[in-house]
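In what follows, a single structure is set out as structure tokens and then discussed.
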Amino acid sequence: MKIAVIPARGGSKRIPRKNIRPFCGKPIISYSIDAARQSGLFDEIIVSTDDEEIAAVSRQLGATTPFVRPREIADDFTGTNAVVKHAVAWFLERGNQISHACCIYATAPLIQPRYLREGHDALTCSDAAFAFSVTSYAFPIQRAVRITTSGRVDAFYPEHRLTRSQDLEPAYHDAGQFYWGTGDAFRDDVPLFSERSIGIVLPRKYVQDIDTLEDWEQAEYMFRAISRG
């Protein structure tokens, strides 16, 4: 079977109750649940949470909460791979074989079902362990500068001071939306950032990390603009 795992612990600090906070009129987690459902890829859409209010909201939105996330993987330091590994193990212990799992962040309101399908197809048609969302940097990273202790500017890559931007290699970063993997890759702790992963490139207009209230406001502006077409 194929499962979606949406991590949504209750202890978010920078934005309290972040995972069910209203975003453009709906709990923000609803967009991840809806995208998973609309993709048509999953046998079950699971929210992994330690919080009963988040669990209740998630069930109302059509997800399942078959277990309470253990306290040892519900702190500020637990990575998403550990959360998905726990979900995969939970199903395996009950006799359900997991061929593929997809971690979808609860705070990814710009997520598009078509890119979930693209990630699935790229992974299942290859021998890779993972396929996850990336997007391009808006400016060449080879032109990055640091500010020195004296307040002056210093180039990270001085060899590219005079290189034309169109001649520089494009660079990408994790888009923070979804992470497809085989059940075995999650179970065996295969590193996500390695040559065994495929990058699914998203347009930058669909990517906004949400860690602060300013990020949240920016994401709402982007969502409304996309919704207007």
- prompt: Picking from THR65, GLN208, SER48, whose Cα lies most toward the positive end of the charge dipole for the chain (charges on Cβ: Lys, Arg +1; Asp, Glu -1)?
  reply: GLN208
query: Going down the table (LYS18/LYS205; LYS26/LYS205; LYS85/LYS205; LYS18/LYS85), which pairs top 25 Å between alpha carbons?
result: LYS85/LYS205
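Which value, in debye to the nearest 20, describes the size of the charge dipole of the stretch 1-133 about its Cα centre when Lys and Arg Cβ atoms bear +1, Asp and Glu Cβ atoms bear -1, and nothing else is charged?
400
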field: Rounded Å value of the spacing that divides the Cα centres of the stretch 101-150 and the stretch 151-227
entry: 5
- request: Please give the length that would be gained between ARG224 and PHE193 if that part of the chain were fully extended, namely 0.36 nm times their separation in residues minus their C-alpha to C-alpha distance (nm, one decimal).
  value: 7.9 nm
- prompt: For helix 29-39, what angle does its Cα long axis make with the longest principal axis of the chain, in degrees from 0 to 90 and rounded to 10?
  reply: 80
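May I ask you to compute the full-extension gain from ASP211 to TYR172, defined as 0.36 nm times their residue separation minus their alpha-carbon distance, rounded to one decimal in nm? Please report the intermediate quantities before stating the final value.
On the way: separation 39, 0.36 × 39 = 14.04 nm, distance 1.96 nm.
Length gained, ASP211 through TYR172: 12.1 nm.
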query: Can you list the residues, at least 5 places off or on another chain, whose amide H is less than 5 Å from the amide H of GLU44, using H built in the peptide plane?
result: LYS2, ALA4
- prompt: If you line up the long axis of helix 80-93 against the longest principal axis of the chain, both from Cα atoms, how many degrees apart are they, to the nearest 10?
  reply: 20
statement: Contact order relative to length for the chain, counting C-alpha pairs under 8 Å separated by 6 or more residues, stands in percent at 24
- request: Could you give the size of the charge dipole of the chain about its Cα centre, using +1 on the Cβ of each K and R and -1 on the Cβ of each D and E, expressed in debye and rounded to the nearest 20?
  value: 640
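Expressed in nm to one decimal, what extension gain is obtained for the pair ILE147 and ASP75 from 0.36 nm per residue of sequence separation less their Cα-Cα distance? Could you put the intermediate results ahead of the total?
Details: separation 72, 0.36 × 72 = 25.92 nm, distance 3.36 nm.
Gain on extension, ILE147 to ASP75, equals 22.6 nm.
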message: Out of all DSSP beta bridges in the chain, what portion is antiparallel? Express it as a percent rounded to 5.
response: 50
Which label in (i) 0.94; (ii) 1.10; (iii) 1.05 gives the computed Cα Rg over 2.2 N^0.38 Å: (ii)
- prompt: Is the shape of the stretch 48-119 rounded, prolate or oblate, going by the alpha carbon gyration tensor and its root eigenvalues a ≥ b ≥ c, with a/c under 1.5 for rounded and a/b larger than b/c for prolate?
  reply: rounded
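Would you list ASP215, ASP34 from fewest to most Cβ contacts within 10 Å? Write down the numbers at each step before the final one.
Working: ASP215 15, ASP34 18.
The fewest-first ordering by Cβ neighbours comes to ASP215, ASP34.
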- prompt: In sequence order, what are the phi-derived ³J(HN,Hα) couplings for the stretch 6-21 according to the Karplus relation 6.51 cos²θ - 1.76 cosθ + 1.60 with θ = phi - 60°, rounded to whole Hz, with x for glycine and proline?
  reply: 10, x, 8, 6, x, x, 4, 10, 5, 10, x, 6, 3, 6, 10, 5
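Taken together, the values in this text are just the output of simple stated rules run on the coordinates, not laboratory data. This structure is a prediction, so every number in the text was calculated from the model and none was measured. Methodologically, a virtual Cβ is constructed for each residue, glycine included, from the backbone with ideal geometry; neighbour enumeration extends over all protein chains shown.
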